[in-house]
Amino acid sequence: MLDEDSPLPESAACVEDLVRRLRGHVSQLGVLASAGEPALRRAQQLGSDSVPEGYMPSRVYLVRLAEATQELVATVRSHGVGPAQPTRRRRWWQPRINVLRGAVFVVAFACLILAASVPRT
């Protein structure tokens, strides 16, 4: 978004979506940064402001918020803080489709044999 060749968002809805996403990134990075960090305070301050009306003011605000978010990312990386390793969930064995088909066939065949062995009344 900050690349010189990147086009600015055309609609207000696109701007709102990008601002919402950047605010989410700031809140996630805020957990990793120290509370007194100037980059965190700047990004949080910009994120708490409302999006200005008008084409150019809203795009300027979006670029400033993106720059503050990038600064916060750089700060978090410079302190060697990274996301915690996710806990690994145990993955259950999932049978292949042919195993399931074979099991259904065996059960159906056993039911057929059982039904054929029952005397008629």
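The values are calculated or read from the model by the stated rules, or taken from the named source; none is laboratory data. All values reported here derive from a predicted model rather than from experimental measurement. Neighbour counts run over all protein chains shown; Cβ positions are idealised from the backbone, glycine included. In case anyone asks, the SASA skips ligands and DNA or RNA and just uses the protein heavy atoms, side chains included. Shrake-Rupley method; radii C 1.70, N 1.55, O 1.52, S 1.80 Å.
Quick notes
- Taking every residue in region 29-40 that is without any contact (Cβ under 8 Å) to a residue 24 or more places away in the chain and more than 10 Å from Val76 (Cα to Cα) and pairing it with any residue that is open to solvent by less than 60 Å² (accessible area, probe 1.4 Å) and part of a helix (DSSP H, G or I), at least 6 positions away or on another chain, the pairs with Cβ-Cβ distances below 9 Å are Pro38/Thr75.
- Region 96-121, residues that are at pLDDT 80 or above, assigned to a loop (DSSP other than H, G, I, E, B) and not charged (D, E, K, R): Val118, Pro119
- Candidate set: region 5-22, residues that are open to solvent by 60 Å² or more (accessible area, probe 1.4 Å) and modelled with pLDDT of 85 or more; chosen: the one nearest to Thr69 (Cα to Cα): Arg21
- Scanning region 24-51 for residues that are within 15 Å of Gln70 (Cβ to Cβ) and not in a helix (DSSP H, G or I) turns up Ala33, Glu37.
- Residue check for Arg91: open to solvent by 70 Å² or more (accessible area, probe 1.4 Å), on the phi < 0 side of the Ramachandran plot and basic (Lys, Arg): yes
- Restricting attention to region 23-66, the residues being open to solvent by 80 Å² or more (accessible area, probe 1.4 Å) and hydroxyl-bearing (Ser, Thr, Tyr) number 3.
- The residues on offer are Thr75, Thr69, and the sole one that is polar (S, T, N, Q), open to solvent by less than 40 Å² (accessible area, probe 1.4 Å), touching a helix residue (DSSP H, G or I) at 6+ places or on another chain (Cβ under 8 Å) and modelled with pLDDT of 90 or more is Thr69.
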